[in-house]
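*Asks:* This structure is in structure tokens; I'll ask about it shortly.
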Amino acid sequence: MSNQRTRRALTAVLAALACMALAATAFASDGEAAVSHMYATFWALVPPVVAIVLALITKEAYSSLFIGILVGALFQCNFAPVATLDTVINSGFISAIEGNAGIFLFLVLLGIIVALVNASGGSAAFGRWAEKNIKSRVGAMLATFVLGVLIFIDDYFNCLTVGSVMRPVTDGHKISRPKLAYLIDATAAPVCMIAPVSSWAAAVSGVAADLDTGISGIELFIRAIPYNFYSLLTFVFIIALSVMKFDYGPMKLHERNALQKGALGALENADEEEGNPKGKVTDLIIPVVILFVFCTIGMVYVGGFFGVDAWGGTECAGDFIGAFGNTDAFIGLPWGGLLALVLIVIYLVARRVLPFKEAMACVPKGFIAMVPPITILTLAVSLKSMTSALGADMFVKDVMMGASNFLYAMLPAVIFLVACVLAFASGTSWGTFGILIPIVVSVFDPESPLLIIGISACLAGAVCGDHCSPISDTTIMASAGARCDHLTHVSTQLPYAITVAAVSLGCFILAGFIQNAVICLVLGAVLTVGVLAVLRSAYGRESGD
């Protein structure tokens, strides 16, 4: 019955779109690119909203994202059918593939490395070691959290590496894959957004570099860290939730099924092979270390650490922080990933845990494993392109500038909410703070403490909206890292993210008046734990340890 309703809903939407397109053919101009009638209006945010609502109703991501793209293209082309098709293909899919070829390559390389480590028996050996040394579910969750915090260089790298390392551990302690996906996602973007040496710090510094604030981009980023309540309180939330041993919302059902029935919620055909029984823990640790080291080297190399970089011409020789501020993760990560892959193959073959022929058989296996996230990422990026082309940034700018005329001390809270909504609808935190940081700088006096709080609110809201959004690339990567159904991950983590967001909003309201990060953060942490204590009394404790 549910499948019938889903098919009917999709058919009705497609039929409505087709009728609108045919009825509006007269609006198409003869070969001219007309400006959309919906440019820089509320309608610019409708396509991602359509995609998100359909995804949550139908539990099917591919068609929902495609319909969102189609709606965006229709709006952009004033419902002209031929121009709409051209926009979907050229401005949507082809541009998405071209612009993200580097990250697609990195995903494939990472998939191959994971397949190699599994085939060598390294993952299984680590699982056996963890069974003996990590004694409880709480320990497994906290270990996942700690590893996520330690891998702060880049969120994509974080999601996939933590997932591949910790899956055997969490599976052994009957922690559901949706819970693992949440732990991965909650220690990816939130960690990167408060790490001065990360691709995210580089992106924020780049946006803020040319603005008239009187301080450098990286200094602005560092000064904003103490007020980034969403990222910091997410860590408090994870630790408290793990120690209190309970869950709520849709996650509770998945955790109960994992504990009582052993149903972890892994994707079909996604269970890892045992691999070579002679594999050792070092066959997992050494490849991960190699990957981490060479990805870091690749990032700083592209940023010009070893001389003038080939892309931007900026001199950053010997300046590690400067090289990160000048890097391009879409080039640096594949650069390091390819070198790491070659060395890992040599290491495993030399260790005689994997014959060369079997190592090469892992190449197509790794590629196939990454096809779903690559497909969803392509569709999500295409949808973002439609939203950008409709002038969503201009609409948000007008809303923000209108809000700046009143409630001055409340503006950090307003900025946080706007950033949340924009990041959720667009699926991009980088695009969100790219739009909002210049607006925030123009609203506040450079000498006012509210400037730093406003920047923090912008960054925190961008992370929060990105964390909640089903079309976010980081959310997609977390699903891929946990080998969990993407929409299941979104629906189970949403109540957790909203809880932290609500507490963070209260902190930003308070910060606008008292302007003291320590007081606000302490109160936020107490409130977070208090909310969880109330929820625990309502939902009860899980058994399992």
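The values are calculated or read from the model by the stated rules, or taken from the named source; none is laboratory data. What you see is a predicted model; the values in this text were computed from it and never measured. Cβ sites come from the backbone with ideal geometry, for glycine too, and all protein chains shown count toward neighbours. SASA here: full protein model, heavy atoms, side chains in, ligands and nucleic acids out. Shrake-Rupley method; radii C 1.70, N 1.55, O 1.52, S 1.80 Å.
*Asks:* For region 99-163, what does the alpha-carbon gyration tensor say about shape, rounded, prolate or oblate, given a ≥ b ≥ c as the root eigenvalues, a/c under 1.5 as rounded, and a/b over b/c as prolate? Mind showing how you got there, number by number?
*Replies:* Values: a/c = 4.07, a/b = 1.52, b/c = 2.68.
Here region 99-163 falls in the oblate category.
*Asks:* Please compute P(r) over all alpha-carbon pairs of region 44-190, binned at 10 Å starting from zero, and give each bin as a whole-number percent.
*Replies:* Percent of Cα pairs in each bin: 11, 26, 29, 20, 11, 3, 0.
*Asks:* If you stretched the chain out fully between Ala533 and Ser448, how much longer would it get, using 0.36 nm times the residue separation minus the C-alpha to C-alpha distance?
*Replies:* Here the answer is 26.9 nm.
*Asks:* Okay, which of region 485-513 sit inside 18 Å, backbone N to the point 7 Å along the Cα-Cβ direction of Val243?
*Replies:* 500
*Asks:* Of the listed pairs Lys252/Lys278; Lys132/Lys179; Lys252/Lys365; Lys179/Lys357; Lys135/Lys280; Lys179/Lys365, which have alpha-carbon separations greater than 31 Å here?
*Replies:* Too far apart for the 31 Å limit: Lys252/Lys278; Lys252/Lys365; Lys179/Lys357.
*Asks:* Rounded to the nearest 0.05, what FRET efficiency do Ala101 and Tyr62 have when you use their Cβ-Cβ distance and R0 = 22 Å?
*Replies:* 0.60
*Asks:* Give the accessible area for Ser136 in Å² (nearest 10); use a 1.4 Å probe, count only protein heavy atoms, and leave out ligands, DNA and RNA.
*Replies:* Number for this one is 40 Å².
*Asks:* Once the Cβ-Cβ distance between Val342 and Asn516 is put in as r, and R0 is 56 Å, what FRET efficiency do you end up with, to the nearest 0.05?
*Replies:* Once the sixth-power term is evaluated, E becomes 0.65.
*Asks:* How charged is the neighbourhood of Ile184? Take every other residue with its Cβ under 13 Å from the Cβ of Ile184, and add Lys/Arg as +1 and Asp/Glu as -1.
*Replies:* +2
*Asks:* Something else about it: With a ≥ b ≥ c taken as the square roots of the eigenvalues of the C-alpha gyration tensor of region 452-545, please select rounded if a/c is under 1.5 and otherwise prolate if a/b is larger than b/c or oblate if it is not?
*Replies:* Working: a/c = 2.96, a/b = 1.28, b/c = 2.32.
Oblate, because a/c is 1.5 or more while a/b does not exceed b/c.
*Asks:* Using protein chains only and a probe of 1.4 angstrom, how many square angstrom of Trp43 are accessible, to the nearest 10?
*Replies:* Result for Trp43: roughly 130 Å² accessible.
*Asks:* Okay, next question. Taking 0.36 nm per residue of sequence separation and subtracting the Cα-Cα distance, how much length would be gained by fully extending the chain between Gln260 and Ile509, in nm to one decimal?
*Replies:* Net length gain for the segment: 85.4 nm.
*Asks:* Right, something else. Out of residues 5 or more away from Ala266 or on other chains, whose amide H comes under 5 Å of its own, with H placed 1.01 Å from N in the peptide plane?
*Replies:* Correct list: Arg177.
*Asks:* How much accessible surface area, in Å² rounded to 10, belongs to the heavy atoms of Lys365 with a 1.4 Å probe?
*Replies:* Here the accessible area works out near 100 Å².
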